[in-house]
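The values are calculated or read from the model by the stated rules, or taken from the named source; none is laboratory data. Source: prediction; values computed, not measured. As a convention, Cβ positions derive from the backbone with ideal geometry for all residues, glycine included, and neighbour counts pool all protein chains shown. Only protein heavy atoms, including side chains, enter the accessible area calculation; ligands, DNA and RNA are left aside. Shrake-Rupley method; radii C 1.70, N 1.55, O 1.52, S 1.80 Å.
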Amino acid sequence: MFNTISALEKFGKNHDISDLTFNADGYLNIVLQDEFTIHLQLNSNKDMLSIFSEVADLSKTNNTILFSNLLKANYFGQHTNQYNFGINPDDNTLILFKSIDDSIINTSSIENLICDLLEAVIYWKSHITSQLQEKQNKQVKKQIPNNQFSFIHV
């Protein structure tokens with residue numbers, strides 16, 4: 001826990017972010033650019049840090065192509081900056097997450113963790129939005145009937 005707290009204090013000073021303090025439950029969130037929230041959670045023993053962020057609300061989709069792409073990207077974290085996808089079972093929100101042993105955390109690693117997560121979240125939010133929009137556009141095209149009448153009079 002000491003490594004994480006010390007690293008966050010330095011990170012906050014370096015980036016003019018105040019109040020990077022964990023609450024009594026070991027939870028802290030960092031809001032960046034009023035758009036992205038990075039969540040930090042210390043486990044009950046205070047020796048592991050989990051870092052995560054919401055990517056997309058998947059509660060209203062059953063897009064198997066999207067889910068397949070997410071699983072492929074999740075394969076050993078190859079396309080997620082070494083983060084893993086998960087789905088919050090309470091609300092079907094897609095998250096990216098990683099857990100790290102506190103003993104290896106320092107100022108540089110906490111900055112890299114936050115930057116890598118933010119980069120992955122930005123990419124996947126855009127990618128998922130595009131895929132969902134593409135599917136919605138295909139559904140709309142299917143709903144428009146072909147013109148069966150000719151308006152040309154001879």
Nearest-20 debye value, the chain charge dipole, Cβ charges on Lys, Arg, Asp, Glu: 940
Computed [θ] at 222 nm, deg cm²/dmol, the chain (DSSP H ≥ 4; -39,500 (n - 2.57); rounded to nearest 500): -13500 deg cm²/dmol
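Need one number: the % of Cα-Cα pairs in the chain sitting beyond the 19 Å mark.
Within the chain, distances greater than 19 Å cover 60 percent of Cα pairs.
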Per DSSP, loop trypsin sites (Lys or Arg not before Pro) in segment 58-133 with at most 11 further Cβ within 10 Å: Lys60
At R0 = 35 Å, FRET efficiency that the Cβ-Cβ distance of Asn69 and Val31 yields, to 0.05: 0.80
Taking segment 1-100 and dividing mean pair separation by its residue count, relative contact order in percent (alpha carbons under 8 Å, at least six apart): 21
Listed residues His79, His127 arranged by accessible area, highest first, probe 1.4 Å: His79, His127
Potential extension, Asn84-Tyr123 segment - 0.36 nm per residue separation minus Cα distance: 12.6 nm
Cα-based helix-to-principal-axis angle, 64-74 vs the chain, degrees rounded to 10: 30
Most positive-pole-ward Cα, Gly26, Gln41, Asn63, against dipole of segment 1-76 from beta carbon charges: Asn63
Per-residue SASA entry for Ser68, accessible area with 1.4 Å probe, Å² rounded to 10: 50
Label-point gap, in nm, between Asn92 and Met48 - each point 7 angstrom along Cα→Cβ: 2.8
Using a Förster distance of 30 Å, the FRET efficiency for Glu134-Glu111 (Cβ separation, nearest 0.05): 0.30
